[in-house]
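In what follows, a structure is listed as structure tokens, so that the remarks can point back to it.
The values are calculated or read from the model by the stated rules, or taken from the named source; none is laboratory data. Note that the structure is predicted; figures quoted are calculated from it, not measured. Cβ: placed from backbone, ideal geometry, glycine included. Neighbour counts: every protein chain shown. We work out accessible area using only protein heavy atoms, side chains counted, and drop any ligands, DNA or RNA first. Shrake-Rupley method; radii C 1.70, N 1.55, O 1.52, S 1.80 Å.
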Amino acid sequence: MCRGLVLAAVFAGVGCHSGKVFIAPAGDYADYRAVRVAEDVDERMARTWAYLKERPDGMYAGRLRRYFEKSEPVFFKMRSRSIRGLEAYLEALPDGPHADEALAMLMGRRDAKRRESADMREARLTGSRLDAEREKRDEAAKLLHWWLDAFLHTEVWSAPLSDAPKDLIVRYRLSLPQPKCTAAAEDATRQRCVKPLERSFRVPGSGQLEDRTLAFLLEVELDERWYVQRVTVSGAGILLATEEARRKKALEDDEASTRAAAAAFVARLTTSLFERNVTCNGGTEASGSTLLSCEGLLLTLVPGRDGGDDVLRIVREGGLDDEEEEGDTSSDDDDDDDNDDDEPSGDGAQGDVSSDGDAVQEDPYE
């Protein structure tokens, strides 16, 4: 039997066979063992490279060199697929065979990522701006229609305004700017409440986006019991601006375009009324004015001329200013002061009038 290594160390050249016996130094074997027990490929490559640099003539150098020369190109190829992989390669082999190439690839990809990130940020900002522009146009396109449709409900006219549907009260009374109410000049018992509304938006024009503003006054006239008697919407170019927002493009600012915008608005409004079972009768006159009777409410639409205001007005049929609606609808100054026969009757009709006959002007929303 062959004796142990201890004897081989004592008697040099004596062993179990006629060849030479090599005993690795303690440090050499420890470094080699570190390669063998490495937890992952990155650590194994790093320890192999360290061994070959520190012990080029070590007892295990030949074996590890063959392993490294075969494995390192595959390791580099695998790690060069991503920025994180290149960072891992340089951490394991900072001066390895492909270190310069890995560093160049890493710098290039980082620059590309920064540019891509900048482009993506710009794209997101552009997308956000476009979304904001789209939302503004959509809101402007629906604004005028919403108010006309809201007041073309007979229940709004058959009770104090404070009893109107909640969404109407919130948007009319609570959203800014709030309406300002004053006594009507022709009848101190009536209140005339004016609420300015404005929306800015942009539409594609001649190679660029063009600024537009939809601005109008919403005027609600109330009797002494705060029943709605008349609603008027007026503003310059509001029908054309509404159509531009709806069609998302700039239109010619002329009479023909205004009339077309008015016709399109009436068509959409009557369609939405029909969808909630409200039938409207009437039509458009040669002058461009439209008169519609919608189940007890009379809607008049008069497009402005020569820069004048577009005027849209709603009254109760047979009520306040019904006769005026069939005539001059461009002004509110010719109102008939005597409309007592048009007021709703019944017990409590004068409930808001004091004993001496003076109207008590209370806020119906309080």
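Can you name every residue in the stretch 55-76 that is exposed (fewer than 12 other Cβ atoms within 10 Å of the Cβ) and either acidic (Asp, Glu) or not in a helix (DSSP H, G or I) (or both)?
Pro56, Asp57, Glu69
So, Glu116, is that one out of contact with any helix residue (DSSP H, G or I) (no Cβ under 7 Å at 6 or more places or on another chain), farther than 30 Å from Arg246 by Cβ, modelled with pLDDT under 95 and open to solvent by 30 Å² or more (accessible area, probe 1.4 Å) or not? Let's see the steps before the verdict.
Numbers: out of contact with any helix residue (DSSP H, G or I) (no Cβ under 7 Å at 6 or more places or on another chain): yes; farther than 30 Å from Arg246 by Cβ: yes; modelled with pLDDT under 95: yes; open to solvent by 30 Å² or more (accessible area, probe 1.4 Å): yes.
Taking the combined requirement at face value, the residue satisfies it.
Would you say Ala132 is of a type outside the set (Lys, Arg), touching an Asp or Glu at 6+ places or on another chain (Cβ under 8 Å) and in a helix (DSSP H, G or I)?
Details: of a type outside the set (Lys, Arg): yes; touching an Asp or Glu at 6+ places or on another chain (Cβ under 8 Å): no; in a helix (DSSP H, G or I): yes.
Answer is no for this residue.
With the condition kept exactly as written, say whether any residue in the stretch 205-217 is farther than 25 Å from Arg134 by Cβ and touching a Ser or Thr at 6+ places or on another chain (Cβ under 6 Å). Walk me through it before giving the result.
Within the stretch 205-217, the subset farther than 25 Å from Arg134 by Cβ is 217.
Applying the additional criterion that residues be touching a Ser or Thr at 6+ places or on another chain (Cβ under 6 Å) yields 217.
Yes, because at least one residue in the stretch 205-217 is farther than 25 Å from Arg134 by Cβ and touching a Ser or Thr at 6+ places or on another chain (Cβ under 6 Å).
Which members of the stretch 139-151 meet the condition of being of a type outside the set (Phe, Trp, Tyr) and open to solvent by less than 10 Å² (accessible area, probe 1.4 Å)?
To start, the set of residues in the stretch 139-151 that are of a type outside the set (Phe, Trp, Tyr) comprises 139-145, 148-150.
Of everything in the stretch 139-151, those that are of a type outside the set (Phe, Trp, Tyr) and open to solvent by less than 10 Å² (accessible area, probe 1.4 Å) turn out to be Ala140, Leu143, Leu144, Leu148.
Going by the structure shown, is Thr242 touching a residue at least 40 places away in the same chain (Cβ under 8 Å) and either within 19 Å of Phe216 (Cα to Cα) or not aliphatic (A, V, I, L, M) (or both)?
Details: touching a residue at least 40 places away in the same chain (Cβ under 8 Å): yes; either within 19 Å of Phe216 (Cα to Cα) or not aliphatic (A, V, I, L, M) (or both): yes.
Criteria met by Thr242.
Does any residue in the stretch 65-76 that is of a type in the set (S, T, N, Q) come within less than 7 Å, Cβ to Cβ, of a residue that is assigned to a helix (DSSP H, G or I) and open to solvent by less than 90 Å² (accessible area, probe 1.4 Å) six or more places away or on a different chain, and which pairs are these?
Partner pairs satisfying both residue conditions: Ser71/Met45.
Check the stretch 231-239 and report whether any residue there is touching a residue at least 40 places away in the same chain (Cβ under 8 Å), open to solvent by 70 Å² or more (accessible area, probe 1.4 Å) and either within 26 Å of Gly318 (Cβ to Cβ) or out of contact with any Phe, Trp or Tyr (no Cβ under 6 Å at 6 or more places or on another chain) (or both). Please lay out each step first, then the result.
Here is the first cut: in the stretch 231-239, the residues touching a residue at least 40 places away in the same chain (Cβ under 8 Å) are 231-239.
Next, from what is left, pick out any that are open to solvent by 70 Å² or more (accessible area, probe 1.4 Å): none.
Checked the stretch 231-239: no residue is touching a residue at least 40 places away in the same chain (Cβ under 8 Å), open to solvent by 70 Å² or more (accessible area, probe 1.4 Å) and either within 26 Å of Gly318 (Cβ to Cβ) or out of contact with any Phe, Trp or Tyr (no Cβ under 6 Å at 6 or more places or on another chain) (or both).
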